[in-house]
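Student: Sending over a structure as structure tokens; questions will come in a sec.
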Amino acid sequence: MREDGRRLDPATEAFVAHRNLLFTVAYEMLGSAVDAEDIIQETWLRWSGVDLDTVREPRAYLVRIATRQALMRLRTLSRRKESYVGPWLPEPLLIAPDVAEDVELADSISMAMMLVLETLAPTERAVFVLREVFELEYDEIAEAVEKSPAAVRQIAHRARSHVSARRPRGVVSAAETRAALDAFQRALETGDLQSLLDLLAPDVVALSDGGGIKQAMPRPVVGAEKVARLIAAGVTVFGPLATVEPARSNGHPALIVRIDGEIDMVVALRIDDGLVTGLYSVRNPEKLTRMERETTVSR
């Protein structure tokens with residue numbers, strides 16, 4: 001329905017109805033909201049020229065267009081990441097709290113899971129996302145990725161095994177994540193590292209994404225003591241200037257660090273068996289714009 005009360009034309013109505021879904025598909029494939037929005041625009045341009053009399057199921061048709069566009073973009077992004085300065089992390093999103101009610105969707109867009117998806121080949125990632133998150137049938141996925149249904153089943157099996165071996169172990173409650181973030185917040189605000197050290201796994205990995213724009217670690221930092229020293233150094237540099245506030249990034253508890261009122265960093269965690277095994281901080285300002293306003297995701 002338009003603002004003037006008149007009905008939208010059928011093509012626009014179908015597109016608007018599924019826009020959040022299409023954004024979510026593209027974001028899970030790309031890890032970039034900016035690129036996901038580009039995919040939405042490209043999908044609309046192609047959808048607006050389709051003869052709707054030939055479309056049996058608009059949702060599947062739109063997902064097929066978006067997936068094909070995202071696959072092409074994903075291959076371009078892979079080349080771009082090769083020249084990226086320092087570690088590359090997905091763009092964090094401030095997501096409406098109700099997404100946490102859909103546990104599978106919230107899990108699929110967590111920072112930890114998005115990094116696992118980064119280890120898949122482009123077609124494997126598309127098949128995994130469409131099957132495991134959006135529950136499309138194999139024949140629908142086959143059309144989207146231009147493979148046979150039999151090939152898609154094999155790809156899905158391979159991708160599931162790959163992800164299962166790398167995804168976070170055990171069920172992590174929001175309370176566990178919040179407790180770890182509270183310890184991190186205390187460390188930043190007071191310099192007390194002990195409560196945080198108690199939660200760090202011996203082989204914890206810290207990644208920081210500055211994109212060559214903001215200072216960040218040029219490579220992963222591994223080990224509880226090294227990560228603790230890194231945080232201590234951050235306290236020394238940013239402590240007096242920074243304010244830390246809890247937030248929800250990608251459907252999970254996170255922290256926003258502000259300096260002079262502006263977002264400087266978003267911190268997310270990976271927790272396995274009750275211990276922090278991954279600490280992810282995004283400082284690249286080009287990736288922080290979506291933390292100022294809520295993004296709606298759906299499936």
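The values are calculated or read from the model by the stated rules, or taken from the named source; none is laboratory data. Keep in mind it's a predicted model, so treat the numbers as computed, not measured. Because the Cβ atoms are built from the backbone with ideal geometry, glycine has one as well, and the counts that use them run over all protein chains shown. Remember, those area values only see protein heavy atoms, side chains included, never the ligands or the DNA or RNA. Shrake-Rupley method; radii C 1.70, N 1.55, O 1.52, S 1.80 Å.
Student: Working only within the range 70-99, note down all residues that are touching a helix residue (DSSP H, G or I) at 6+ places or on another chain (Cβ under 8 Å) and open to solvent by 20 Å² or more (accessible area, probe 1.4 Å).
Tutor: Within the range 70-99, Arg73, Arg75, Ser78, Trp88, Leu94 meet the criteria.
Student: Check Pro240, Pro246 and return the single one that is open to solvent by 60 Å² or more (accessible area, probe 1.4 Å), touching a Lys or Arg at 6+ places or on another chain (Cβ under 8 Å) and either assigned to a helix (DSSP H, G or I) or of a type outside the set (Gly, Ala, Ser) (or both).
Tutor: Values: Pro240 fails: touching a Lys or Arg at 6+ places or on another chain (Cβ under 8 Å).
Sole residue among the options that is open to solvent by 60 Å² or more (accessible area, probe 1.4 Å), touching a Lys or Arg at 6+ places or on another chain (Cβ under 8 Å) and either assigned to a helix (DSSP H, G or I) or of a type outside the set (Gly, Ala, Ser) (or both): Pro246.
Student: Take Ala144 and decide whether it is part of a helix (DSSP H, G or I), small (Gly, Ala, Ser) and touching a residue at least 24 places away in the same chain (Cβ under 8 Å). Spell out how you get there, then give the answer.
Tutor: On the way: part of a helix (DSSP H, G or I): yes; small (Gly, Ala, Ser): yes; touching a residue at least 24 places away in the same chain (Cβ under 8 Å): yes.
When the stated conditions are applied, Ala144 passes them.
Student: Can you tell me how many residues within the range 227-237 are open to solvent by 10 Å² or more (accessible area, probe 1.4 Å) and in contact with a strand residue (DSSP E or B) (Cβ under 6 Å, 6 or more places away or on another chain)?
Tutor: Residues in the range 227-237 being open to solvent by 10 Å² or more (accessible area, probe 1.4 Å) and in contact with a strand residue (DSSP E or B) (Cβ under 6 Å, 6 or more places away or on another chain): 1 in total.
Student: Of all residues in the range 252-282, which are surrounded by fewer than 18 Cβ atoms within 10 Å (Cβ to Cβ) and either modelled with pLDDT of 95 or more or not in a strand (DSSP E or B) (or both)?
Tutor: Asp260, Gly261, Asp273, Gly274, listed by residue number.
Student: Suppose we filter the range 283-299 for residues that are open to solvent by 30 Å² or more (accessible area, probe 1.4 Å) and assigned to a strand (DSSP E or B); how many remain? Working first, answer last.
Tutor: First, pick out the residues of the range 283-299 that are open to solvent by 30 Å² or more (accessible area, probe 1.4 Å): 285-286, 289, 292-294, 296, 298-299.
From what's left, assigned to a strand (DSSP E or B): 294.
Going through the range 283-299 one residue at a time, the tally reaches 1.
Student: Condition first: buried (at least 21 other Cβ atoms within 10 Å of the Cβ) and β-branched (Val, Ile, Thr). Now tell me which residues in the range 53-69 satisfy that.
Tutor: Once the filter is applied, which keeps residues that are buried (at least 21 other Cβ atoms within 10 Å of the Cβ) and β-branched (Val, Ile, Thr), the range 53-69 yields Val63, Thr67.
Student: Kindly check whether there is at least one residue in the range 148-155 that is assigned to a loop (DSSP other than H, G, I, E, B) and surrounded by 18 or more Cβ atoms within 10 Å (Cβ to Cβ).
Tutor: Checked against the condition, which is being assigned to a loop (DSSP other than H, G, I, E, B) and surrounded by 18 or more Cβ atoms within 10 Å (Cβ to Cβ), the range 148-155 yields no hits at all.
Results for (1) part of a helix (DSSP H, G or I); (2) at pLDDT 95 or above, shown as yes or no for each residue.
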residue	(1), (2)
Leu8	no, no
Thr12	yes, no
Leu21	yes, yes
Tyr27	yes, yes
Asp38	yes, yes
Arg56	no, no
Ala70	yes, yes
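Student: Separate question: From the list Arg166, Arg178, Arg131, Arg158, which one is over 23 Å from Val297 (Cα atoms) and part of a helix (DSSP H, G or I)? Walk me through it before giving the result.
Tutor: On the way: Arg166 fails: part of a helix (DSSP H, G or I); Arg178 fails: over 23 Å from Val297 (Cα atoms); Arg131 fails: over 23 Å from Val297 (Cα atoms).
Matching residue, one of Arg166, Arg178, Arg131, Arg158: Arg158.
Student: Out of everything in the range 249-288 that is in contact with a Phe, Trp or Tyr (Cβ under 9 Å, 6 or more places away or on another chain) and of a type in the set (D, E, K, R), what residue ends up being nearest to Ala174 (Cα to Cα)?
Tutor: Arg270
Student: Given the conditions (1) in contact with a Leu (Cβ under 7 Å, 6 or more places away or on another chain); (2) of a type outside the set (Asp, Glu); (3) in contact (Cβ under 8 Å) with a residue 40 or more places away in the chain; (4) crowded, with 19+ Cβ neighbours inside 10 Å, report the number of the one that Ala26 does not fulfil.
Tutor: (1) is the only condition that Ala26 fails.
Student: What are the residues in the range 40-52 that are in a helix (DSSP H, G or I), touching a residue at least 24 places away in the same chain (Cβ under 8 Å) and either open to solvent by less than 20 Å² (accessible area, probe 1.4 Å) or of a type in the set (S, T, N, Q) (or both), if any? Give the derivation first.
Tutor: Residues of the range 40-52 that are in a helix (DSSP H, G or I), as a first pass: 40-47, 52.
With the extra rule that they be touching a residue at least 24 places away in the same chain (Cβ under 8 Å), the set shrinks to 40, 42-44, 47, 52.
The answer is Ile40, Thr43, Trp47.
Student: Please tell me if Ala126 is in contact (Cβ under 8 Å) with a residue 24 or more places away in the chain, in contact with a Leu (Cβ under 9 Å, 6 or more places away or on another chain), part of a helix (DSSP H, G or I) and not basic (Lys, Arg). Quick ask: steps written out before the conclusion?
Tutor: Details: in contact (Cβ under 8 Å) with a residue 24 or more places away in the chain: yes; in contact with a Leu (Cβ under 9 Å, 6 or more places away or on another chain): yes; part of a helix (DSSP H, G or I): yes; not basic (Lys, Arg): yes.
Against the criterion (in contact (Cβ under 8 Å) with a residue 24 or more places away in the chain, in contact with a Leu (Cβ under 9 Å, 6 or more places away or on another chain), part of a helix (DSSP H, G or I) and not basic (Lys, Arg)), Ala126 qualifies.
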